[in-house]
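To start, the structure under review is shown below, and the notes come after it.
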Amino acid sequence: MLRRTILFVVATLLVLTSVAQAQEQRSQQPGKPSGKELLTLKGHREWVFDVAFSPDGKLLASASLDQTVKVWDTTNGKEVLTLKHQDSVKGVAFSPDGRRLASAGMDGVLKLWDAASGKLLLSLKGHMAGVAGVAFTRDGKRLASASNDRTLKVWDATSGKEMLTLKGHMAQVIGVAFSPDGKRLASASWDQTVKLWDATSGQELLTLKGHVAYVVSVAFSPDGNRIASASEDSTLKVWDAASGREAFTLDENTGGGRNVAFSPDGKRLASASGAAFFDEDHPHEVKLLDATSGKQLVTLKGHTFAISSVAFSPDGKRLASSSWDKTVKVWDVTSGH
């Protein structure tokens, strides 16, 4: 009898220990992002094309067809500033120190603003058509612009002096991104290609082919080793930035979309999907993906029209999305347990 009791106690302890270990392992594993909608920012009168967080994550800038850039407080969703162009605004970017805000206008002008006061600091003119995209180098010393005139330009962000004009695309250039070290530029074009450039000399380094429709968005991974591109063919492609080799492709069913962004740690991708008009086959969603495997982590639903842009907060805990439904949404993308 005593022997049976001892065996029962030992078996029970083993089971309890195994359960405790399993619970501890689960608690140490990253959980699924919550995907909770935190804010809906309303104020634009027309489609919103682009969105960007300030480096401290306290502000959010949005660019719209209504010819304005709006700056929002991300703690309460209140509108802080409204900045005006003479035509629709397609792109927006904060400088790395957060003091300046650049906006790309279809009026052909790239504008640089004081991010606190809204004072216009510089108007950069040189493109022969609308400016569709803008990006700062990590040190804030240079600015790149993508234009419907089929070129990219690199500017001195302090003086506004034009430093380079990059020619090679056969159609409008819509997206632009600097590599983290500022030595390379990636561009997305309606000619269905992504091009990689030497940001100092302007030399074309690589042409990435594989999309079968307009390429509208491009992003470097934080380590500079990968490039992600999104296209109107509803695919997202990830490429090796050194060789130009395609790593993987996701279609709309598996996570592809029309805009893409890497998380600050490079482990996740955000993809904006959705056709111009809502139907059951093309829901307007943001998908969060594993940046290595392409596996879907969570789907964010709430927009009612095409989603135009996505951007992670600097700490990677929030994601902003802009839409043709005239709103900007902010989502919780932290991992829960």
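Residues that are under 25 Å from PHE49 (Cα atoms) and out of contact with any strand residue (DSSP E or B) (no Cβ under 6 Å at 6 or more places or on another chain) within segment 193-213 comprise just one, VAL212. Once segment 149-165 is narrowed to residues that are surrounded by fewer than 20 Cβ atoms within 10 Å (Cβ to Cβ) and among the hydroxyl-bearing types (Ser, Thr, Tyr), the residue that is nearest to GLY175 (Cα to Cα) is THR165. Considering segment 107-128, the residues that are at negative phi and in contact (Cβ under 8 Å) with a residue 40 or more places away in the chain include one that is surrounded by the most Cβ atoms within 10 Å (Cβ to Cβ), namely LEU110. If you go through segment 176-203 and keep only what is surrounded by fewer than 16 Cβ atoms within 10 Å (Cβ to Cβ) and more than 21 Å from the chain's Cα centre (by Cα), you end up with ASP198, THR200, SER201, GLN203.
Residue count for segment 295-310, restricted to those that are outside any strand (DSSP E or B) and touching an Asp or Glu at 6+ places or on another chain (Cβ under 9 Å): 5.
Assessment of segment 84-96 against the conditions (in contact (Cβ under 8 Å) with a residue 40 or more places away in the chain, in the same structural domain as ASN259 (by TED's automatic domain parsing) and among the β-branched types (Val, Ile, Thr)) yields at least one matching residue. The residue of segment 90-106 that is surrounded by the fewest Cβ atoms within 10 Å (Cβ to Cβ), among those that are in a strand (DSSP E or B) and of a type in the set (Gly, Ala, Ser), is ALA93. Which of the residues belonging to segment 40-66 are more than 21 Å from the chain's Cα centre (by Cα) and not small (Gly, Ala, Ser)? Those that are more than 21 Å from the chain's Cα centre (by Cα) and not small (Gly, Ala, Ser): ARG45, ASP66.
Of the numbered criteria (1) more than 19 Å from the chain's Cα centre (by Cα); (2) closer than 22 Å to ALA311 by Cα; (3) among the small types (Gly, Ala, Ser), the one ALA171 fails is (2). Scan segment 215-253 residue by residue and report those that are buried (at least 20 other Cβ atoms within 10 Å of the Cβ) and among the aliphatic types (A, V, I, L, M). If the condition is that a residue be buried (at least 20 other Cβ atoms within 10 Å of the Cβ) and among the aliphatic types (A, V, I, L, M), then VAL215, VAL216, VAL218, ALA219, ILE227, ALA228, ALA230, LEU236, VAL238, ALA241, LEU250 are the ones that fit. Where strands (runs of 3 or more DSSP E) fall wholly inside segment 202-268, the ranges with 2 or more residues that are among the β-branched types (Val, Ile, Thr) and either closer than 22 Å to LYS90 by Cβ or in the same structural domain as ARG150 (by TED's automatic domain parsing) (or both) are 215-220. GLN203 meets each of the listed conditions (1) touching a residue at least 12 places away in the same chain (Cβ under 8 Å); (2) more than 26 Å from ARG100 (Cβ to Cβ) apart from (1). Among the residues of segment 204-246, the ones that are within 15 Å of the chain's Cα centre (by Cα), among the polar types (S, T, N, Q) and modelled with pLDDT of 95 or more come to 3 in all. For the condition loosely packed, with under 15 Cβ neighbours inside 10 Å and assigned to a loop (DSSP other than H, G, I, E, B), ASP139 qualifies.
Just one of the listed residues (THR158, THR165) is more than 22 Å from the chain's Cα centre (by Cα), part of a strand (DSSP E or B), of a type in the set (Ser, Thr, Tyr) and more than 19 Å from LEU236 (Cα to Cα), namely THR165.
The values are calculated or read from the model by the stated rules, or taken from the named source; none is laboratory data. Predicted model only: the values in this text are computed from it and were never measured. Counting neighbours? That spans all protein chains shown, and the Cβs are built from the backbone with ideal geometry, glycine included.
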